[in-house]
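S.K.: Right, I'll just put the structure down here and ask away after.
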Amino acid sequence: MICSAADPQQLALVRRRVFLALFIALAVALHTFETLLPNPLPWLRLGLANILGLTALFLYGVRALWLVSVGRILVGSLVLGSLFSPGFLLSLSGGLLAALMMTIGFRSFAPRIGPVGVSILGALGHVTGQLLVAWLLVVRHSSIWMMSPFFLLFALISGMVNGIAADMLLESLRKHPAFDRLEPLTDLKADRERE
């Protein structure tokens, strides 16, 4: 495929694909790095890779969020050798529910909700999805729901941290010449035009 500067739409499409591939690669790297860090309890991670999903959402729209989230989970699990394991199922269920919650929050409340609010919704969805699948497939006991307040509190904190980091990354990227023509997505119509 040849792309010249004379065709700005084609150039923007190619640029978008390159940046989304870069976001997926960086999200996989963060996902892999985070598994090397010690965990105080199973399933407790900050979810640093979600920063790139949030960034993709606010730069390119809902479809980009789903692409980065699902791509990170699949490729990250393949790299770590945990594809189709119980850990993969927990990650996939949490990631899918997180992306769904972020999509609903973004589409329902934009522009009144920013990266921090969307991140908190995603983190709460992630924990809920993981607890649900853990209850259905791993620990078939109702006492697992007794841990939910602790996990939801941790999700709230990690969602705020990731949202602040994504907001800082968005500010930095929007100053870069490669992103200078992107307007912030403020409504559903603008989101659909970008997809």
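Each value in this text was obtained by applying a stated rule to the coordinates, not by laboratory testing. Computed from a predicted structure; not experimentally measured. Positions of Cβ are generated from backbone atoms using ideal geometry, with glycine treated the same way; all protein chains shown enter the neighbour counts.
S.K.: Filter the chymotrypsin sites (Phe, Trp or Tyr not before Pro) in segment 1-91 down to the DSSP loop ones having no more than 11 other Cβ atoms within 10 Å, then list what survives.
M.R.: Here the sparse-neighbourhood loop sites are Phe84.
S.K.: Taking the Cα atoms only, what angle lies between the long axis of helix 8-36 and the longest principal axis of the chain, rounded to 10 degrees?
M.R.: Roughly 20 degrees, rounded to the nearest 10.
S.K.: Can you give the longest stretch of the chain with no exposed loop site, where a site means trypsin sites (Lys or Arg not before Pro) in a DSSP loop (not H, G, I, E or B) with at most 10 other C-beta atoms within 10 Å?
M.R.: Looking at the chain, 1-111 is the longest stretch - no exposed trypsin sites (Lys or Arg not before Pro) with at most 10 other Cβ atoms within 10 Å.
S.K.: What do you get for the angle between helix 62-80 and the principal long axis of the chain? Use alpha-carbon atoms, 0 to 90 degrees, nearest ten.
M.R.: 50
S.K.: Moving to a separate point now. By counting other Cβ atoms within 10 Å of each Cβ, how are Met160, Met102, Met146 ranked from fewest to most?
M.R.: Lowest count first: Met146, Met160, Met102.
S.K.: Could you estimate the translational diffusion coefficient of the chain from the Stokes-Einstein equation, with Rh from the Kirkwood formula over C-alpha pairs, at 20 °C and 1.002 mPa s, in whole µm²/s? Don't skip to the end; give the middle numbers.
M.R.: On the way: Rh = 17.3 Å.
D = 124 µm²/s.
S.K.: Could you state the angle between the C-alpha long axis of helix 50-60 and the longest principal axis of the C-alpha atoms of the chain, as a value from 0 to 90 degrees rounded to the nearest 10?
M.R.: Approximately 30 degrees, to the nearest 10.
S.K.: Along the charge dipole of the chain, pointing to its positive end and built from +1/-1 on Cβ of Lys, Arg, Asp and Glu, which listed residue (Val68, Leu153, Thr32) has its Cα farthest out?
M.R.: Toward the positive end, the furthest listed residue is Val68.
S.K.: How much length is gained on full extension from Ala21 to Gln9, taking 0.36 nm per residue of separation minus their Cα-Cα distance?
M.R.: Taking Ala21 through Gln9 to full extension adds about 2.5 nm, to one decimal.
S.K.: Fewest to most neighbouring Cβ within 10 Å: what's the order for Val161, Val18?
M.R.: Result, fewest neighbours first: Val18, Val161.
S.K.: Fewest to most neighbouring Cβ within 10 Å: what's the order for Asp167, Asp7?
M.R.: Arranged by neighbour count, lowest to highest, Asp167, Asp7 become Asp7, Asp167.
S.K.: What value in Å³ per residue do you get for the convex hull of the alpha-carbon atoms in segment 81-177?
M.R.: Values: hull volume 11.8 nm³, N = 97.
Normalising the Cα hull of segment 81-177 by residue number yields 122 Å³.
S.K.: Let me ask another. Could you give the size of the charge dipole of the chain about its Cα centre, using +1 on the Cβ of each K and R and -1 on the Cβ of each D and E, expressed in debye and rounded to the nearest 20?
M.R.: Using Cβ point charges on Lys, Arg, Asp and Glu, the chain gives about 160 debye.
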